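Quick notes on the structure that follows.
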């Protein structure tokens, strides 16, 4: 059954329009408040709110807080903080749930609402379905009003999150003197990223760390890591990191400016965990987008790879099911389950930086990984019928698989957070990858493509 509000990563949309209009936000706060009230006995449930740097964040927070308060919950603000910061604080403190106002890697015009349980995990599908039904009912009966006054961040929460992060540098490794470039995407890591790495002794060059409410993810961060790689080469840094807007992802640059994505992080992390006797579950968990090169490189190390649908919630579900403690996505969203169930770009960056300080250059640490040429094209769409129900698209995909030979992967899917179809083609020959990806994208565009504005 289709859902109107919740996608693969919470509620997404344009502020001021359904589902991020004032009435729906107020109803969302009410529904969350009613739900968490049922999880406590007597005490007023406390709900932690955090946001990224989008200009619409405070307005959305005010209407959510109003609904929460009317339902008997106590909204507490962490201010601007990475999404995984909320997940970590909810687990550590006496919060029943957490709410993050962010659209992650999307442009500033978008925003969203993500929900975390006391365990620091995304709400299960069945809970989201329950909340959605309640939200849609309440938005018709409960007036939104003007929202609450802006909440002031509670002192000390940011420092507690930073203290938690400092424990995640493997073996307590120091980063003394490490020259590092941090691309903060003008997002939630803009202040905390440089503060964290400087406190551990690194020599930080921070770029894209001056958010103005509208420049989040704009030509920077993990979606556009080129300037980070260039800054590493030009500054002589040993390592570069590019976060996304809410800092739950991180991509890296070697000293020579070579980009290392989430597959590279999984490779070096799996080898280190196995060498230390700490890799559990018999495999690393990846997704349909994980490069075939990683699968083959891990196989040489006698480490398996299990694939799940795209989305960190599906990675986590499989990790929990099989008892694995390492999983993630090429986008840079990595879960180290021994430390928590939420992917954290800052924590991932600390681990990679510690490995560079302890074991040598990142280039060497990923030298055994040879990624297959891969291209991902995004096609704006006006509707989302099953792609395999479009005869031309299905037939062309079969033809491409036959032409590309045994070592190929083609993934056609819709984004769970945007109105786009994603076309991924991977094979040995780059020119053939590009040719078939373009042909598939054109076929999708002909049938369901959105008109360009």
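The values are calculated or read from the model by the stated rules, or taken from the named source; none is laboratory data. What you are looking at is a predicted structure, and each value in this text was computed from that prediction instead of being measured. Ideal geometry is used to build each Cβ from the backbone, glycine not excepted, and the neighbour counts take in all protein chains shown.
Below are the figures for this structure:
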item: Residue 332 vs. criteria touching a helix residue (DSSP H, G or I) at 6+ places or on another chain (Cβ under 6 Å) and modelled with pLDDT of 95 or more; result: yes
item: Qualifying positions in the stretch 69-94 - assigned to a helix (DSSP H, G or I) and over 16 Å from residue 117 (Cα atoms); result: 69, 70
item: Residues (over 15 Å from residue 438 (Cα atoms) and assigned to a helix (DSSP H, G or I)) located in the stretch 399-413; result: 402
item: The listed residue being under 20 Å from residue 407 (Cα atoms) and modelled with pLDDT of 95 or more, out of 307, 280, 271; result: 307
item: Test: residue in the stretch 208-229 that is touching a residue at least 24 places away in the same chain (Cβ under 8 Å), outside the structural domain of residue 427 (by TED's automatic domain parsing) and more than 28 Å from residue 112 (Cβ to Cβ); result: yes
item: Matching entry among 100, 90, 127, 113 (being crowded, with 24+ Cβ neighbours inside 10 Å and over 16 Å from the mean Cα position of the chain (by Cα)); result: 90
item: Where residue 10 falls short, out of the listed (1) closer than 23 Å to residue 129 by Cα; (2) surrounded by 23 or more Cβ atoms within 10 Å (Cβ to Cβ); (3) at pLDDT 95 or above; result: (3)
item: Cβ pairs under 6 Å, 6+ apart, first in the stretch 398-411 and touching a residue at least 60 places away in the same chain (Cβ under 8 Å), second in a helix (DSSP H, G or I); result: 409/292
item: Matching option when the condition is modelled with pLDDT of 95 or more and closer than 27 Å to residue 88 by Cα, among 256, 222; result: 222
item: Residue in the stretch 374-391 that is closer than 28 Å to residue 254 by Cα, surrounded by fewer than 19 Cβ atoms within 10 Å (Cβ to Cβ) and free of Cβ contacts under 8 Å to residues at least 60 places away in the same chain present; result: yes
item: Number of the exception - residue 26 against (1) in a helix (DSSP H, G or I); (2) out of contact with any helix residue (DSSP H, G or I) (no Cβ under 7 Å at 6 or more places or on another chain); result: (2)
item: Residue match in the stretch 318-326 (condition: under 21 Å from residue 105 (Cα atoms) and crowded, with 21+ Cβ neighbours inside 10 Å); result: no
item: Long-range neighbours under 7 Å by Cβ, at least six apart or interchain, first residue without any contact (Cβ under 8 Å) to a residue 24 or more places away in the chain within the stretch 117-146, second surrounded by fewer than 17 Cβ atoms within 10 Å (Cβ to Cβ) and in a loop (DSSP other than H, G, I, E, B); result: none
item: Elements of type strands (runs of 3 or more DSSP E) contained in the stretch 105-216, each with 3 or more residues being within 30 Å of residue 6 (Cα to Cα); result: 111-117
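The rows are residues; the columns are (1) surrounded by fewer than 24 Cβ atoms within 10 Å (Cβ to Cβ); (2) modelled with pLDDT of 95 or more; (3) in contact with a helix residue (DSSP H, G or I) (Cβ under 6 Å, 6 or more places away or on another chain); (4) not assigned by TED's automatic domain parsing to the domain that holds residue 167.
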site	(1), (2), (3), (4)
46	yes, yes, no, yes
68	no, yes, yes, yes
76	yes, yes, no, yes
84	no, yes, no, yes
121	yes, no, no, yes
135	no, yes, yes, yes
148	yes, no, yes, yes
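Yes or no, residue by residue, for (1) in the same structural domain as residue 245 (by TED's automatic domain parsing); (2) within 30 Å of residue 272 (Cβ to Cβ); (3) touching a helix residue (DSSP H, G or I) at 6+ places or on another chain (Cβ under 6 Å):
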position: 337; (1), (2), (3): no, yes, yes
position: 353; (1), (2), (3): no, yes, no
position: 361; (1), (2), (3): no, yes, no
position: 381; (1), (2), (3): no, no, yes
position: 386; (1), (2), (3): no, no, no
position: 393; (1), (2), (3): no, no, yes
position: 399; (1), (2), (3): no, no, no
position: 418; (1), (2), (3): no, no, no
position: 441; (1), (2), (3): no, no, no
